[in-house]
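Visitor: This is the structure I want to talk about, given as structure tokens.
Just so it is clear, none of the values below were taken in a lab; they were calculated from the coordinates. Treat the numbers as computed from the prediction; the structure is a model and nothing was measured. No Cβ is skipped: glycine too gets one built from the backbone with ideal geometry, and neighbour counts run over all protein chains shown.
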Amino acid sequence: MEKVIVVCEAGITTSLLVKKLNDLAQEKGQEVDIQSKSLEEGLDYIKEHNVDVVLLGPQIHHIAKKYEASTDAKVAKITVEDYNTMNVYSIFEQVSEA
């Protein structure tokens, strides 16, 4: 099972996005565990768990190098447009490309 975390400043605004991504994964019949984490929570999480993909919300793109240095997982940035429109199809593609 692929493990993905979606990280934003506080971890709150991504909860709906994560639900929609999990629903899409289920609809596609893919086994993916997608969770929402806050900025600091995410850094701790990737040190303790194997994660395949880290998706960063637009408000924390500037911290990407810190995440890249802390994990072997693919670190991808969700575009402002995809994030604001909750374009789960486009965001899910980033997960699938990992």
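Visitor: If the chain between A10 and E81 were fully stretched, how many nm would it gain, using 0.36 nm times the residue separation less the Cα-Cα distance?
Guide: Value of the extension gain: 23.6 nm.
Visitor: In sequence order, what are the phi-derived ³J(HN,Hα) couplings for region 43-51 according to the Karplus relation 6.51 cos²θ - 1.76 cosθ + 1.60 with θ = phi - 60°, rounded to whole Hz, with x for glycine and proline?
Guide: Taking θ as phi minus 60°, the curve returns 4, 5, 4, 6, 7, 9, 10, 7, 10 Hz for region 43-51.
Visitor: Using Cα springs under 10 Å in a Gaussian network model of the chain, which residue among V18, V80, V51 shows the largest mean-square fluctuation?
Guide: V80
Visitor: Which net charge results for the neighbourhood of G29, defined as the other residues with beta-carbon distances under 15 angstrom from its beta-carbon, given Lys and Arg at +1 and Asp and Glu at -1?
Guide: Within the 15 Å Cβ shell, the charges total -4.
Visitor: Which entry in [x] 14.1, 51; [y] 12.0, 33; [z] 17.1, 67 is this structure's computed Rg and Dmax of the Cα atoms in Å?
Guide: Entry [y].
Visitor: What nm value, rounded to one decimal, do you get for the distance between E2 and H49 when each label is placed 7 Å out toward the C-beta?
Guide: Output for this residue pair reads 1.6 nm.
Visitor: For region 2-96, what is the relative contact order in percent, using Cα pairs closer than 8 Å and at least 6 residues apart in sequence?
Guide: 32 percent
Visitor: What are the lysines whose alpha-carbon lies under 16 Å from the alpha-carbon of K77, with same-chain residues fewer than 8 places away excluded?
Guide: Straight-distance partners of K77: K37, K65, K66.
Visitor: Now for a separate question. Using the 10 angstrom Cβ neighbour count as an exposure proxy, how do H49, H62 rank, fewest first?
Guide: H62, H49
Visitor: Starting from the Cα-Cα distance between N22 and I63, subtract it from 0.36 nm times their residue separation and give me the gain in nm to one decimal.
Guide: Full extension of this stretch gives 12.3 nm more.
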